[in-house]
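Presented below is the structure to which this report refers.
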């Protein structure tokens, strides 16, 4: 790492309005460098000191004074006896007879009758029983079978029958209530009704007042005092080169807004545009002050890239323009590539034979979006919401593509990368 001495310029050291330190740093492909700062400065700060002055004590004394005060007196009048009446609801209830039918079942009774006997017959199946005799022959006999009958049922059968339903009327009493208004009155005795009436009355007496009594004292004032100090430190510069070693020069400036040197700002710029793109990714500077010096510590991160690494991709051109009247889609065949995210502006102007040209549509949308899509290599714009007039047989189409730069930080090049491109096309119908 090369360590470069600062070529320092300090403007107006005696009574400076702006203290500035400046240095040029050449880049020759290194990954880092350090800029040294070492410069005597005059720091001007306000310093307190005591000066003779006059101060005042507040001395109390008594003064006989008169002034008006608001007093109140009672003023009354007699309200004679009266009667106050009002309506009050009284709840009145009475018993109201109600008749209802009460029914119950009589006692159950048993009903019996004779059930005759009946003959039940079943057919018994036959089965074959086989065995082997002593001569070794298989002998089989059929057993079972025939009809088997027996007598079933008969005798006395009894059932319980519920008793007859007997009903009679019963009378009972229900409580029925309602609110009945009653007029109530009471006697209001006579009384005095009094009010407080304000009036002014002069009141005299001793009042405490204060007078100022001067005495000698000191007060603090401030004056600017200039102290010689050393402005020292370094700026650590790191480069992200991506393998690029194009040569260019950077200029660093460290500024203090006034002669107090209490805060500092740093700026970085290119002295001449190189072929590569130079990006300031980050910068910072801090100051620590001691009795005899101000110590600066700065950090700068610079990225060096090819323009193609950060600039958006724009088509080399468009061809085969077509407009579908039913879907209001304008189709353009893309020649070359297209960035993943772009803003597309389109303007279509009619070019009739006789009449004056008219703007058919003005469109602006993001790609990709519901209004802008890419089908294969065909870019489609939905103009349904922006169509103002009908197209003629010949129409001029202006397409402008804008895309963000693919980098974070401040581009130091005076000539910025191309971030937009305009195409002039013709649409024939």
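The values are calculated or read from the model by the stated rules, or taken from the named source; none is laboratory data. Nothing here was measured: the structure is a model prediction, and the numbers come from that model. Reconstructed Cβ throughout: ideal geometry from the backbone, glycine too, with neighbour counts over all protein chains shown.
Listing for the model above:
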quantity	calculated
All positions within segment 394-413 that are farther than 30 Å from residue 427 by Cα and at pLDDT below 90	405, 406, 407, 408
Restricting segment 340-361 to residues that are surrounded by fewer than 15 Cβ atoms within 10 Å (Cβ to Cβ) and without any contact (Cβ under 8 Å) to a residue 40 or more places away in the chain, the residue that is farthest from residue 394 (Cα to Cα)	340
Those residues of segment 408-418 which are in a loop (DSSP other than H, G, I, E, B), in contact (Cβ under 8 Å) with a residue 60 or more places away in the chain and more than 21 Å from residue 336 (Cα to Cα), in sequence order	408, 409, 412, 413, 414, 415
Residues within segment 17-47 that are over 13 Å from residue 259 (Cα atoms), assigned to a loop (DSSP other than H, G, I, E, B) and under 47 Å from the mean Cα position of the chain (by Cα), tallied	3
Verdict on residue 337 being outside any helix (DSSP H, G or I), surrounded by 14 or more Cβ atoms within 10 Å (Cβ to Cβ) and out of contact with any helix residue (DSSP H, G or I) (no Cβ under 6 Å at 6 or more places or on another chain)	no
Lone unmet requirement of (1) assigned by TED's automatic domain parsing to the domain that holds residue 420; (2) under 23 Å from residue 420 (Cβ atoms); (3) exposed (fewer than 14 other Cβ atoms within 10 Å of the Cβ) for residue 327	(2)
Hits in segment 160-207 (condition: in a loop (DSSP other than H, G, I, E, B) and touching a strand residue (DSSP E or B) at 6+ places or on another chain (Cβ under 8 Å))	162, 163, 164, 190
Subset of segment 71-116 [more than 30 Å from residue 172 (Cβ to Cβ) and not in a strand (DSSP E or B)]	80, 81
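Condition check ((1) out of contact with any strand residue (DSSP E or B) (no Cβ under 7 Å at 6 or more places or on another chain); (2) over 25 Å from residue 223 (Cα atoms); (3) surrounded by 15 or more Cβ atoms within 10 Å (Cβ to Cβ)) across all residues:
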{"residue": "253", "(1), (2), (3)": "no, yes, no"}
{"residue": "286", "(1), (2), (3)": "no, yes, no"}
{"residue": "291", "(1), (2), (3)": "yes, no, no"}
{"residue": "302", "(1), (2), (3)": "no, yes, yes"}
{"residue": "314", "(1), (2), (3)": "no, yes, yes"}
{"residue": "317", "(1), (2), (3)": "no, yes, no"}
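Results for (1) under 15 Å from residue 314 (Cα atoms); (2) in a strand (DSSP E or B), shown as yes or no for each residue.
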residue	(1), (2)
344	yes, yes
373	no, yes
391	no, no
400	yes, yes
406	yes, no
